[in-house]
Amino acid sequence: MLYAILSTFLLAAAAPAVHRLTGRASGWVLGLLPAALFVYFLSFLPAVSSGESIVLAWPWLPGLDIQLSFLVDGLSLLFALLISGIGFFIVTYAGRYLEGDRDLGRFYVIILAFMGSMLGLVLADNLVAMFVFWELTSITSYLLIGYNHENADARKYALQGLFVTVGGGLALLAGIIMLAMAGGSWELSEILNNGDVVREHALYLPLLLLILIGAFTKSAQVPFHFWLPRAMAAPTPVSAYLHSATMVKAGVYLLARLNPSLGGTDIWFTTLALFGAVTMFTGVFLAFRSTGVKKVLAYSTVMALGTLTMLIGIGTETALLAAMAFLLAHSLYKGALFMVAGILDHEAGAKDFLQTGGLRSALPVTAAFAILAALSLGGVIPLFGFVAKELMLEAVLDAPSLGGILALLAVLTAILGVAVAAIVGIRPWFGPKVDTPKTPHHDAPVAMLAGPAVLASLGLIFGLGPGLADEGLINAAAASVQGAPVDGYLALWHGINWPLAISAFSLVAGGVLYWRWEQARRALAWVDRAAEYGPEKGYFKMMDGLVALSEWQTRVLQNGYLRYYVIVIVAMTAGLVGVTAQLFDVGVGGLDWAALKIHEVAILAILVASMLFAVLTRSRLGAVAALGSLGFTVALVYVLYSAADVGITQVLVETLTVILLVLVLFRLPGFLNLSSTALRVRDAGIALVMGGMITLLILSTLDARLFPSISQYFIDESVPSGYGRNIVNVVLVDFRALDTLGEIFVLALAAIGVYAMLRFRAEDRR
Amino acid sequence: MEVVMAFVVGGLYAAAIYMMLRRSIVKLVIGLVLLSNAANLLIFTVAGMTSGAPPLIAPGDTVPEGVSADPLAQAVVLTAIVIGFGVLAFAVVLIHRAYEVVQADDMDQMKDTDR
């Protein structure tokens, strides 16, 4: 398992080289890996469909008790199969769709890395590992959406997607940490068996809200739905992948995954059902009134995500079964339809449904599979979409509360959904022939047709034989979401009941809406004006605010005046030291003045006098002389207190310093009185506060020895290990030789810098 | 002695910061010199000041006789003195060069020379 996921990242790294070697066939060659992974995941199917869940673990950070563990059960296997299976078609499709693009190698890198992150996310059992993969999908999808980086819109909306999902990721991180605290483990497999403990925990409400923010932003629930259609700036294969099996389903996966642990409470039901239902209706409504090919599909994805969230929120057995069936159905038809959208663009140059019509004779194979997928989208018997939709309606009608509003939104969604399916399945293919920007000469190549063909056909096969999907995986997936075995089953024919009646009614009503599409869109033109006040407006306002805030703080803090930087640093240091000293009740021991000797007093008196003179004098020569006097006095202090080597060094360095200062400072103008008295008093105050703080610090540490000094080691080992009798020298050239080497480097660099500056001046003059 | 040194080092810090807050760039250099002396003395002081017991080992012994001064603090200060000199030399030449180019030693004027 570990190697399966690592292999995607390894292949991602090698992808550009493979692409160069294999040229036109690169899509097929690189597609071998997802295909192999799909087969590998299939090998888990017999065990998982009989109800087992498998945990595989590798030690990762044993010190922190974090292991890299993977959980294979119905839910994660369903996702893993979708990701690797659709991933195969996406990679081969992209090889042809982006053929000749000079960045195709880079594209393979990102899409394979994205696939690996997505697999890691759905298979991870450890919460930390899951979060790492979660963030990796955000970052790789940012790179995918911004693939056409020379396009300003692509950059802008890639960033938008990143901000929304990573912002949610931050909330998720906090939520996950609380979940681990409440559940008493970092392993999902253990937390899921601890549902009652988590639900009764005091942190339940905050952790639930934080996790929901993470899931809702990722899965584009209202009010975060705006980033998803904008992500259409990505190349079509990316959109197909992000929408069908991956990225946006990650949030739904998280909700489904945590359902046994967090679900079943009133707040879980109300939040998920309401947000999901509203998102579902908003999505289908916006899809109905859009005309861009990818935009219609994108909004219909928002609808699907809302439906899934709502079903997980309702949480009854039927609802969970419906959620898993709908998930599979949606992945199949949405993957197919997006690839069809790519074909429309690639062969006919059409990006808008209004530019299309009567294309069935030019693109017969594409048209056939597009219609098949659209029928599944519309929930028409006998496709798998119908099975899922019937179950969905049944679950909504049986919802424990909020029944009326959920049912109303579900019926409206069903009607508009049929109309949207008609737009996708009828508009481009039938009717009078419209002149498309490019005239298609032939149908799409095999690499681009394989995906739509297989995915749309699976929709039909699973529709005719729902037991195939049910016994294979859907039942096991619903069982892992429920946390208990599921008795229900999928069937094409449930008898004549309310859901069937609603389906039939929605077919008719949706058909009428499609017939009157032009008029309906005109009547709905006001939505554009209303949308200007929507959540996306809030996003842009927030971004502007962020920019304004950073401009303001840059102006205030990075103002270019050295003295204000110094003041900020000094104030921060003094403040932090002061507060810490207060908090830890640091005291100053008794002051022992008695031991002072007369020569010590004399030396310190000279030191202080030199210092004061250096500060107060108006003469440059006087200041330099005072500094020299101060330096030599300091050397005297070192010598008096047993530091002969330090004293010698100080004398040498001080001599050089004085010579240097005399040589250079006299080329600069004399001192001027540049500051007012008030400023001087203020600066003196700041300086004295800092000086006082240092004094207190020293006094409070004099008696404090929290742990033994490491110096004793150097003293003991100087002769046996270092073969030297001057311990300071042994420390410098032996024990801490690398420090000394670094010091030599610093001096050498300073010398080179000085030389360069003096030399350039000489050249300027020439 | 450490108690008095605490006040002296505090005074050196105050003097250094006061000089660094001035507008004249030469005073900034003086502040730098004061600051490096202050920091060295700070380390030297808090390591404990021992009089008349240099960290040397007599021939034939393997450890110094009796208590000796802290060799580690001395080594650190010694390194710091040399580095401080390197920084100072570089800063002084840089300032001189800047003065030649912009003909100003008031840092408020220097700040605006690239506008």
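The values are calculated or read from the model by the stated rules, or taken from the named source; none is laboratory data. As the structure is a prediction and not an experimental result, all values here were calculated from the model. Methodologically, a virtual Cβ is constructed for each residue, glycine included, from the backbone with ideal geometry; neighbour enumeration extends over all protein chains shown.
Every condition in (1) within 23 Å of A:TYR241 (Cα to Cα); (2) part of a loop (DSSP other than H, G, I, E, B) is met by A:ARG360 except one, and the failing one is (1). The listed residues are A:ASP645, A:ASP585, and the only one of them that is loosely packed, with under 13 Cβ neighbours inside 10 Å and acidic (Asp, Glu) turns out to be A:ASP585. In the set (1) assigned to a loop (DSSP other than H, G, I, E, B); (2) surrounded by 22 or more Cβ atoms within 10 Å (Cβ to Cβ), the condition left unmet by A:ASN148 is number (2).
Counting residues in the range A:55-63 that are crowded, with 16+ Cβ neighbours inside 10 Å and part of a helix (DSSP H, G or I) gives zero. The set of residues in the range A:365-412 being buried (at least 24 other Cβ atoms within 10 Å of the Cβ) and among the charged types (D, E, K, R) consists of A:LYS389, A:GLU390.
For A:VAL577, the requirement of being assigned to a helix (DSSP H, G or I) and modelled with pLDDT of 85 or more is met. Taken as a whole, the range A:159-179 holds at least one residue that is over 15 Å from the mean Cα position of the chain (by Cα) and in contact (Cβ under 8 Å) with a residue 40 or more places away in the chain.
Inspect the range A:687-707 for any residue being within 7 Å of chain B (Cβ to nearest Cβ), in contact with a Lys or Arg (Cβ under 7 Å, 6 or more places away or on another chain) and among the hydroxyl-bearing types (Ser, Thr, Tyr) and give the result as yes or no. No, the range A:687-707 contains no residue that is within 7 Å of chain B (Cβ to nearest Cβ), in contact with a Lys or Arg (Cβ under 7 Å, 6 or more places away or on another chain) and among the hydroxyl-bearing types (Ser, Thr, Tyr). Among the numbered conditions (1) more than 7 Å from every other protein chain (Cβ to nearest Cβ); (2) of a type outside the set (Asp, Glu); (3) closer than 25 Å to A:MET693 by Cβ, the only one that B:ILE81 does not meet is (1).
Considering the conditions (1) more than 7 Å from chain A (Cβ to nearest Cβ); (2) buried (at least 23 other Cβ atoms within 10 Å of the Cβ), B:ILE43 is excluded by exactly one of them, (2).
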